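Asker: Questions regarding the structure given below will be posed in turn.
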Amino acid sequence: MSVVYRLLTLIVSGSFAAAAAADFPALPNDSWYRVEIVIFERLADVDPASTQEILVSRAPRAYPRDVFAFDDDASRAAAYALDAETRAMPALPAVDIANKSVQAQPAAPAAQPTPAERAAKLIADYQSQLQDRAFRFEPGNTLLLTPEDGRLQRSNLYRVVFHRAWVQPVPDRDQLRPMLIQAGERIGTGWRIEGFLGVTRGRYLHLDTRLWYTPNPSPDAEDPGYMELREQRRMRSGELHYLDHPKFGVLARVDPIQPPDTLVAELARLAALPAQ
């Protein structure tokens, strides 16, 4: 549990519990994390001999039935499920706006909210903000691995094909939510690098990765096949991790989401108020 969440828990269980009769609202849990991923392709073989020994497969690529895509549509605020065979977004039900009108009712006089009610509103707003950001790509100017991205690009040995960050609630170890990855240029019906990855947590954070790299097809090859990077990596938050493959690689960093200082300060202020 993060330092901030421990602080908020002490506020709830301590001063306010003794000072107010009303129940203080439940705090947001500490399962929200920011995930940042860099995927890069090697432009030259570091060890040609080892590259020649990489198994090239032509077996069907097995996507999980519950693979999810990132939400890049401003009309929705959560990731959406895909069909694992076609990777197509399901049709969304139409909404008949004309029949949804509601007769406006006169508003009842608002009672003065208690400190607990004001705290509940702040926490609900914060949770709503997290949900609105969930599984959407964060702005480019907030990326933490920009220096590593730049070094890869300047080396002329690598090409970065995917560099994104997003926030999400991280599920327990046995409840992996696989996120769809499609990076680089299109090759046939697929992508240069595609597959899925997901973050879970138990005693540690874990990154589960399964990505497929499609090489440039030769003129006489009907199916160039693919090379696979499949790894489960135990992680600590805030640390940079590197997943290696002779043809491509992954940099990953996962950080806990900390509530804003303004929220923490306001909850502390409300906790110190007498019951109303």
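Asker: Name the residues in the stretch 226-242 that are over 14 Å from residue 199 (Cα atoms) and surrounded by 15 or more Cβ atoms within 10 Å (Cβ to Cβ), would you?
Answerer: Across the stretch 226-242, the qualifying residues are 226, 227, 228, 229.
Asker: Something else now. Is one or more of the residues making up the stretch 164-173 of a type in the set (S, T, N, Q), assigned to a strand (DSSP E or B) and closer than 28 Å to residue 225 by Cβ?
Answerer: Checked against the condition, which is being of a type in the set (S, T, N, Q), assigned to a strand (DSSP E or B) and closer than 28 Å to residue 225 by Cβ, the stretch 164-173 yields no hits at all.
Asker: Residue 140 - would you say it is of a type in the set (Gly, Ala, Ser) and surrounded by fewer than 15 Cβ atoms within 10 Å (Cβ to Cβ)?
Answerer: Yes: the conditions hold for residue 140.
Residue by residue, here is whether (1) closer than 30 Å to residue 222 by Cα; (2) modelled with pLDDT under 95; (3) small (Gly, Ala, Ser); (4) touching a Phe, Trp or Tyr at 6+ places or on another chain (Cβ under 9 Å) holds:
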residue	(1), (2), (3), (4)
155	no, yes, yes, no
169	no, yes, no, yes
177	no, yes, no, yes
182	yes, yes, no, yes
185	yes, yes, no, yes
190	yes, yes, yes, yes
197	yes, no, no, no
203	no, yes, no, no
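Asker: Right, something else. Are any residues in the stretch 195-225 closer than 16 Å to residue 57 by Cα and either surrounded by fewer than 21 Cβ atoms within 10 Å (Cβ to Cβ) or free of Cβ contacts under 8 Å to residues at least 60 places away in the same chain (or both), and if so, which ones?
Answerer: 210, 214, 215, 216, 217, 218, 221, 222, 223, 224, 225
Asker: Still on this structure, please answer the following. Answer yes if at least one residue in the stretch 121-144 is closer than 14 Å to residue 251 by Cβ, modelled with pLDDT of 95 or more and out of contact with any Asp or Glu (no Cβ under 9 Å at 6 or more places or on another chain), and no otherwise.
Answerer: no
The values are calculated or read from the model by the stated rules, or taken from the named source; none is laboratory data. Note that the coordinates shown come from a computational prediction; the quantities given were computed from them, not determined experimentally. Heads up, the Cβs are rebuilt from the backbone with ideal geometry, glycines too, and the neighbour counts pull from every protein chain shown.
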